[in-house]
Structures are given as C-alpha cells and as structure tokens.
1. Assuming ALA45 fulfils every condition listed in (1) in contact (Cβ under 8 Å) with a residue 40 or more places away in the chain; (2) part of a loop (DSSP other than H, G, I, E, B) apart from one, which condition is it?
2. Of the residues VAL19, VAL50, which is surrounded by 11 or more Cβ atoms within 10 Å (Cβ to Cβ) and closer than 14 Å to TYR74 by Cβ?
3. Which one is farthest from the chain's Cα centre (by Cα) among residues in segment 10-42 that are in a helix (DSSP H, G or I) and either among the β-branched types (Val, Ile, Thr) or at pLDDT below 90 (or both)?
4. Which condition breaks for ILE40 when tested against (1) closer than 25 Å to PRO5 by Cα; (2) hydrophobic (A, V, I, L, M, F, W, C); (3) exposed (fewer than 13 other Cβ atoms within 10 Å of the Cβ)?
5. Hey, ALA7 hits all of (1) loosely packed, with under 14 Cβ neighbours inside 10 Å; (2) within 12 Å of the chain's Cα centre (by Cα); (3) in a helix (DSSP H, G or I) but one; which does it fall short on?
Amino acid sequence: MGKLPVAIRDQFKKKLAKVIEQPHIPKNMLRGDLAGCYKIKLLKAGVRLVYQVKDDQVVILLITVGKRADSIVYDEAKKRIKD
C-alpha cells in the first residue's frame with residue numbers, strides 16, 4: 001500500500017491512543033485465522049489496521065494497514081502472523 005497519507009495516520013494515532021487505554025475491544029475482535037487480533041476501521045477512508053495485544057508487556061503489535069476491499073488487509077495480516 002505504501003506510505004499512508006498524513007490525515008489517515010493522524011486518525012489512526014487518535015484511535016490507537018484510545019486502544020492503549022482499552023486494548024481488548026470485543027466488537028473489534030477478529031475471528032478464524034486472525035483470532036487473537038483486533039481491527040481499527042476508518043470507514044470513510046476504507047482502511048483497516050490489524051493489531052495484536054501482548055498483555056504481559058502492554059504492547060500493541062501493529063500487523064498491517066490496508067484497504068478492506070477483497071480482504072486484502074486481512075490476507076496480508078494472516079501472512080505476517082504465520083512468518
């Protein structure tokens with residue numbers, strides 16, 4: 001996907017600041033091959049961010065960011081988790 005536009009990065013920064021306070025958001029949980037991961041959606045931009053929470057260190061591991069179209073972002077997340 002390349003570098004994200006500043007406006008989208010800023011939106012994700014705001015959402016990630018909230019996620020740090022409450023990382024386990026049930027409605028954002030993913031299922032199937034991405035169980036244990038969560039998503040952040042920017043509806044207007046059509047972009048998703050996939051992350052995992054490492055509780056023992058309170059670390060949020062960003063896995064991928066991309067368009068939802070044709071599940072591209074979720075397919076890329078599956079590849080990166082397996083590696």
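The values are calculated or read from the model by the stated rules, or taken from the named source; none is laboratory data. The model shown is predicted, which means the values in this text are computed figures rather than measured ones. Cβ sites come from the backbone with ideal geometry, for glycine too, and all protein chains shown count toward neighbours.
1. (1)
2. VAL50
3. Just the residues of segment 10-42 that are in a helix (DSSP H, G or I), to begin with: 10-21, 26-28, 32-34.
Checking which are either among the β-branched types (Val, Ile, Thr) or at pLDDT below 90 (or both) leaves us with 19-21.
Details: VAL19: 10, ILE20: 13, GLU21: 16 Å.
If we take residues in segment 10-42 being in a helix (DSSP H, G or I) and either among the β-branched types (Val, Ile, Thr) or at pLDDT below 90 (or both), then GLU21 is farthest from the chain's Cα centre (by Cα).
4. Among (1) closer than 25 Å to PRO5 by Cα; (2) hydrophobic (A, V, I, L, M, F, W, C); (3) exposed (fewer than 13 other Cβ atoms within 10 Å of the Cβ), the lone unmet condition for ILE40 is (3).
5. Failed condition: (2).
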